[in-house]
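Here's the structure we're looking at; comments come further down.
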Amino acid sequence: MQHIKNYINGQLIEPVSKTYLDNYDPSTGKVYSYIPDSDEKDVELAYAAAKNAFKEWSILPKDKRSQYLLKIAALIEKNLDKLALAESIDNGKPLKLAKTVDIPRAAANFHFYGTGILHYASHAHSMEDSAINYTLRQPVGVAGCISPWNLPLYLFSWKIAPALAAGCTVVAKPSEVTPMTAYLLSELCVEAGLPAGVLNIVHGLGGKVGNAIVSHKDIPLISFTGGTTTGKHIASIAAPMFKKLSLELGGKNPNLIFADCDYEKMLSTTMLSSFANQGQICLCGSRIFVERKIYDKFKTDFIAKTKALVVGDPRDEKTKVGAVVSKPHQEKILSYIELAKQEGGKILCGGNPIKMSGEFSEGYYIEPTIIEGLNYDCRTNQEEIFGPVVTITPFDTEEEALKMANSTIYGLASVVWTQDLTKAHRIANNIHAGIVWINCWLLRDLRTPFGGVKASGVGREGGFEALDFFTEPKNVCVKL
Ligand code: NAD
């Protein structure tokens, strides 16, 4: 069986301890490869390589750095089928989704920052004839990048690409739950001839590898995407060390559906925003608030469409919903469905694990689930479930909808469905979220800042904001 390797100082190597963890295929529940069980010794090696590489990489002309990133983007595109299959096996997501969304977007991240860095500029401020101030933007140093399992290569590259473009070198840790595409990326970096030590990928557990990166005294910057509890822990270590910190955390995103919406468009998009990637996209809408005038019609149509979703073999073209990522995650989602029942919720459809046949009989499948009848402030409606489970709730007024939408500790994304332009903008202005989609979902221009408010995170990724994050501004004032 395949043993994944760490990528340190340009080499694909075993972990120092020579020990490995099991890597499961969620669609079958079987171990299909092994992950390095790395520790602080591997992180130290990675840091030393990154520190050494920083001297040259940080002063390499931007167009040269750009060429490396563009080469990696091209190699990702060339290996689309292989990467998509690896991501589907690692994560349980439909192959089609990996092929059309995850992997192309990972290539786009490298392409975007490979070209973006060429147009990144700093400012000069003239104090008339007394002085000139200008701002140098210098790469921060060795960046620590830690990513989750839900969009493995996409979110990994979303950090690495701007860091490398900005002139940082990187010690990165993908999720131990889905390490395969990061490993394949390291092979592509070797093929692209990326100089040794510029990017280092250390596989293993959060408590060991992640913790060693976050608490490393000479890694001055941490870019983290993952759960809010982990983010809180990371902040408690990194903040007293005065590290630059970006935290992209959990969500409990509201969808606000008004009676005057384009109904068919709303319905088909709401299917995606509810169940794409088994509901395991941080931007999925898990609380659906519907204006009472169309509530019954929506409920009937939404249930019918949800029941028709094909759940099963992620490699089958017809499959819309694959396996959830792991056994513990399946158990967590099912425990929330039980909680919903205890809180008075009515399961309108789904609610159960699915036992498939044949090679998929031990896979982690859950029926797409719709729940109604819950108070907006109960735990099911306040805590992140991160699975194919949504609640639906009627509302009468815009005020009431906003009150319920804004009631959680989270504020990542939101969706508004209405044809009333003024109302749409008013809600966008008043909703507590870093992202507001009006009459669409998941559309995004990479130049826009990305991230959440409240417990959904601090800092912004995306666009030039990410290049700002991976560089340190230094103001120089020259007396004339
Ligand atoms: P997680 O917090 O369990 O793990 C994320 C990463 O952190 C993994 O690589 C993990 O190994 C590492 N980690 C765990 N403990 C650590 C520690 N003590 N120190 C350092 N690193 C540690 O999250 P997950 O379960 O992998 O991902 C799901 C979560 O990610 C959900 O809450 C989801 O909403 C969130 N998410 C947020 C965004 C966003 O952009 N805001 C995007 C995707 C996912």
- request: Excluding residues on the same chain fewer than 8 positions from K51, give the lysines whose Cα lies under 16 Å from its Cα.
  value: K41, K217
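Counting only DSSP beta bridges with both residues in the range 254-445, what percent are antiparallel, rounded to the nearest 5?
Numbers: 5 of 26 bridges.
Expressed as a percentage, antiparallel bridges in the range 254-445 total about 20.
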statement: Checked against the positive end of the charge dipole of the range 384-460 (+1 on Cβ of Lys and Arg, -1 on Cβ of Asp and Glu, about the Cα centre), the farthest of M404, I392, G452 is G452
- prompt: Any idea how far apart D63 and M127 come out in nm if each label point goes 7 Å out from Cα toward Cβ?
  reply: 3.6 nm
- line: Whole-percent carbon and sulfur contribution to the accessible surface of the chain (1.4 Å, no ligands, DNA or RNA) stands at 56 percent
- prompt: What are the ³J(HN,Hα) values, in whole Hz, obtained from phi via the Karplus relation 6.51 cos²θ - 1.76 cosθ + 1.60 with θ = phi - 60°, for each residue of the range 344-358 in sequence order, with x given for Gly and Pro?
  reply: x, x, 9, 7, 7, 7, x, x, 10, x, 10, 9, 7, 10, x
- line: Ignoring ligands and nucleic acids, K454 exposes an accessible area, probe 1.4 Å, in Å² to the nearest 10, of 90 Å²
statement: Taking only protein heavy atoms and a 1.4 Å probe, the highest-to-lowest accessible-area order of F469, F395 is F469, F395
- line: Given unit charges at Cβ for Lys, Arg (+) and Asp, Glu (-), the dipole magnitude of the chain about its Cα centre in debye, nearest 20, is 440 debye
query: If one computes the Cα centroid of the range 214-244 and of the range 401-480, what distance in Å separates the two points?
result: 22 Å
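Before rounding to the nearest 500, sum -39500 (n - 2.57) across all DSSP H runs of length at least 4 in the chain and divide by the residue total; then give [θ] at 222 nm in deg cm²/dmol. Walk me through the numbers before you get to the answer.
Working: 15 runs with 178 residues, N = 480.
Roughly -11500 deg cm²/dmol at 222 nm, from the helical runs in the chain.
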message: Treating only the Cβ of Lys, Arg, Asp and Glu as charged (+1, +1, -1, -1), what charge dipole size does the range 254-445 show about its Cα centre? Round to the nearest 20 debye.
response: 140 debye
Theoretical FRET efficiency, 1/(1+(r/R0)^6), r = Cβ-Cβ of Q2 and K341, R0 41 Å, to 0.05: 0.50
- request: Under 12 Å from the Cβ of Y34, count the other residues' Cβ atoms, weight Lys and Arg +1, Asp and Glu -1, and hand me the total.
  value: -2
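With a cut-off of 8 Å between alpha carbons and a minimum separation of six or more residues, what is the relative contact order of the chain in percent?
Details: 1133 pairs, mean separation 91.5, N = 480.
Worked out over the chain, it gives 19 percent.
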task: Using a/c under 1.5 as the rounded threshold, could you call the chain rounded, prolate or oblate? The axes a ≥ b ≥ c are square roots of the C-alpha gyration tensor eigenvalues, and prolate needs a/b larger than b/c, oblate otherwise.
output: oblate
message: For the pair E317/K423, report the inter-label distance in nm, with labels modelled 7 Å from Cα in the Cβ direction.
response: 4.1 nm
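Keeping every protein chain in place, order I8, I409 by accessible area at 1.4 Å, biggest value first, i.e. largest first. Numbers along the way, then the final one.
Numbers: I8 10, I409 100 Å².
My answer, sorted largest first, is I409, I8.
What fraction of the DSSP beta bridges in the chain is antiparallel, stated in percent and rounded to the nearest 5? Let's see the in-between values first.
Numbers: 31 of 72 bridges.
Within the chain, antiparallel bridges account for around 45 percent of the total.
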task: Starting from the Cα of R379, step 7 Å along the direction of its Cβ; do the same at V478; then give the gap between the two resulting points in nm.
output: 6.3 nm
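When the chain is fully extended, how far beyond the present Cα-Cα distance does K232 get from Y134, taking 0.36 nm per residue of separation?
On the way: separation 98, 0.36 × 98 = 35.28 nm, distance 3.57 nm.
Result: 31.7 nm gained on full extension.
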query: Using alpha carbons only, what's the Rg to Rh ratio of the range 235-299 with Rh from Kirkwood?
result: 1.23
- request: Quick one: net charge around S361, please, counting Lys, Arg +1 and Asp, Glu -1 for every other residue with C-beta under 12 Å from its C-beta.
  value: -1
- line: XL table K99/K159; K341/K454; K99/K318; Cα-Cα > 24 Å flagged, in table order, is K341/K454
- request: Rank Q330, T269, G279 by how far each Cα sits towards the positive end of the charge dipole of the range 254-445 (+1 on Lys, Arg Cβ; -1 on Asp, Glu Cβ) and give me just the farthest.
  value: Q330
task: For the range 254-445, report the translational diffusion coefficient in µm²/s to the nearest whole number, using Stokes-Einstein at 4 °C, 1.567 mPa s, and a Kirkwood Rh over Cα pairs.
output: 77 µm²/s
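The values are calculated or read from the model by the stated rules, or taken from the named source; none is laboratory data. Given the structure is predicted, the values throughout are model-derived calculations rather than measurements. All Cβ positions, glycine included, derive from the backbone under ideal geometry; neighbour counts span all protein chains shown. Side chains included, ligands, DNA and RNA excluded: accessible areas come from the protein's heavy atoms. Shrake-Rupley method; radii C 1.70, N 1.55, O 1.52, S 1.80 Å.
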